[in-house]
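Note sheet for the following structure.
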Amino acid sequence: MKHCTISVIIPCYKAAATLRRAAASALRDAPADAELLLVEDGSPDDTGVLCDTLAAEDPRIRALHRPNGGAGAARNTGLDHARGDWVLFLDADDELLPGLWQTLEKIPVTDEELILFGLRRASAPDRDVVPPLPAGRYAGLAALGDALPALLFDTGLLAAPYPKLFRRDTLGPLRFDESLKINEDVLFNILFLQKTTAIYCLCGVYYKQNDLQAGSLSRSLRGDLLDAEAVTRPALEKLLAQNGLDPAPFAQTSRVRACLNQYGLLTGCRGTLSFARRRALFARILADADARAALRQRLRSDPNRLLALPYRLGLACRLPGFLAAYTLAKQRFL
């Protein structure tokens, strides 16, 4: 990759406290022909001013400003202005770790459309997430073998917009679906993989995800996980069939994981979802036999057996209204 240029795109919204750190990490040891696109997404704080300040300090940085539209829309604006051979997405509160640029200079990339590497999460700094296979070139999804489920689900390395580089020519007109509030990045990756014939995997860890903020998915109550998964699943099934793989087990895993994640948010997070909305979500989860089996297994191993008892009762008797009422009462009184 010695003669390839890279565009790093950072969507910026309420990022005044972290953006300078993210930008510095992206340009640390970066070549002179790298470019950093700061896309200010109609932020109400000083983020826009900071973007302009950073651009004035380094000729490799360009500041772009747009009305608020969400991270997907901001990434799309960055893609529309990117000039590099490759594109790398970085969140404004995350960081690139040292060594990425030097490693990219050494790898013998030829016709690969995607370069994948590992990440470190602030919530689990001692458990780096790396591609579970040897470094090198893989000719399509089928070549990933038994590592594919882990890459799609357990690690999420193929599902997130990071940590990876996309060949810009292969991207073409592909953009993030701005109508989606969640999973727009998952859908983007799946659609890109439909265009991908070869992947290069690195074993190094070059991305740090600062996932301890209160707004992260695991800490915020929201009720759209099942709807979002229903949007991405057909695209995933098409991708797998296109690569000669049986979509059924992957589709089942996708559906069950969405149910488990939605159940976890409903039972573990505070928020303003109404009783009717909670009941409808619990009803959808309990209607899925595979999800019920996974939940039974999870509740059997819960060390707080007394606290888990109401959930076990609601699951065993398939009582979505009971579960909705219990989670609301627990939120109010505990």
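For segment 73-116, the square roots a ≥ b ≥ c of the C-alpha gyration tensor eigenvalues yield an a/c of 1.5 or more together with a/b not exceeding b/c, which makes the shape oblate.
In the context of the full protein assembly, Leu202 retains an accessible surface of approximately 10 Å², using a probe radius of 1.4 Å and ignoring ligands and nucleic acids.
Sort Lys106, Lys195 by heavy-atom solvent-accessible area, probe 1.4 angstrom, most to least.
Working: Lys106 165, Lys195 85 Å².
I get Lys106, Lys195, largest accessible area first.
The accessible surface of segment 1-137, taken with every protein chain in place and a 1.4 Å probe, is 51 percent carbon and sulfur.
Each part reduced to its alpha carbon centroid, segment 7-53 and segment 268-334 end up 41 Å apart.
Helix 305-316 axis versus longest C-alpha principal axis of the chain: approximately 80°, rounded to the nearest ten.
What percentage of all Cα-Cα pairs in segment 211-334 are separated by more than 21 Å? Distances greater than 21 Å cover 43 percent of the Cα pairs.
Tell me, what is the percent relative contact order of the chain, built from C-alpha pairs under 8 Å that lie six or more residues apart?
Numbers: 572 pairs, mean separation 51.6, N = 334.
Computed over the chain, the figure is 15 percent.
If you rank Arg300, Arg277, Arg21, Arg62 by how much accessible surface each has, with a 1.4 Å probe, what is the order from largest down?
Working: Arg300 135, Arg277 80, Arg21 100, Arg62 60 Å².
Result of the area sort, largest leading: Arg300, Arg21, Arg277, Arg62.
Relative to the dominant Cα principal axis of the chain, helix 289-300 is inclined by about 80°. Only protein atoms count toward the accessible area here, which uses a 1.4 Å probe; on segment 150-308, the carbon and sulfur part of that area reaches 52 percent. The GluC sites (Glu not before Pro) of segment 75-143 include none that DSSP puts in a loop with a beta carbon having at most 10 other beta carbons within 10 Å.
Taking the Cβ of Gly42 as the center, what net charge do the other residues with Cβ under 15 Å away carry, scoring Lys and Arg +1 and Asp and Glu -1?
So the environment of Gly42 carries a net charge of -3.
The residues of the chain have, on average, 45 Å² of accessible surface per residue, using a 1.4 Å probe with all protein chains present.
For segment 132-193, the relative contact order works out to 26 percent when only alpha carbon pairs closer than 8 Å and six or more residues apart are counted. With a ≥ b ≥ c taken as the square roots of the eigenvalues of the C-alpha gyration tensor of segment 172-256, please select rounded if a/c is under 1.5 and otherwise prolate if a/b is larger than b/c or oblate if it is not? Because a/c hits 1.5 or more and a/b fails to exceed b/c, segment 172-256 counts as oblate.
If a spin label sat at a point 7 angstrom from the Cα of Ser301 along the line to its beta carbon, no backbone N atom of segment 156-192 would be nearer than 16 Å.
For the chain, the share of DSSP beta bridges that are antiparallel, to the nearest 5, is 35%.
With the Cα gyration tensor of segment 87-166 giving a ≥ b ≥ c as the square roots of its eigenvalues, does the rule (a/c under 1.5 for rounded; else a/b larger than b/c for prolate; else oblate) give rounded, prolate or oblate? Please report the intermediate quantities before stating the final value.
Numbers: a/c = 1.70, a/b = 1.15, b/c = 1.48.
Here segment 87-166 falls in the oblate category.
If you fit an axis through the alpha-carbon atoms of helix 71-81 and take the longest principal axis of the Cα set of the chain, what angle between them do you get, 0 to 90°, nearest 10? Roughly 20 degrees between the two axes.
The values are calculated or read from the model by the stated rules, or taken from the named source; none is laboratory data. Please read all numbers here as calculations on a predicted model, not as lab measurements. Backbone-built Cβ (ideal geometry, glycine too); neighbour counts: all protein chains shown. Ligands, DNA and RNA are stripped out before the accessible areas are found, and what is left, the full protein with its side chains, is counted by its heavy atoms. Shrake-Rupley method; radii C 1.70, N 1.55, O 1.52, S 1.80 Å.
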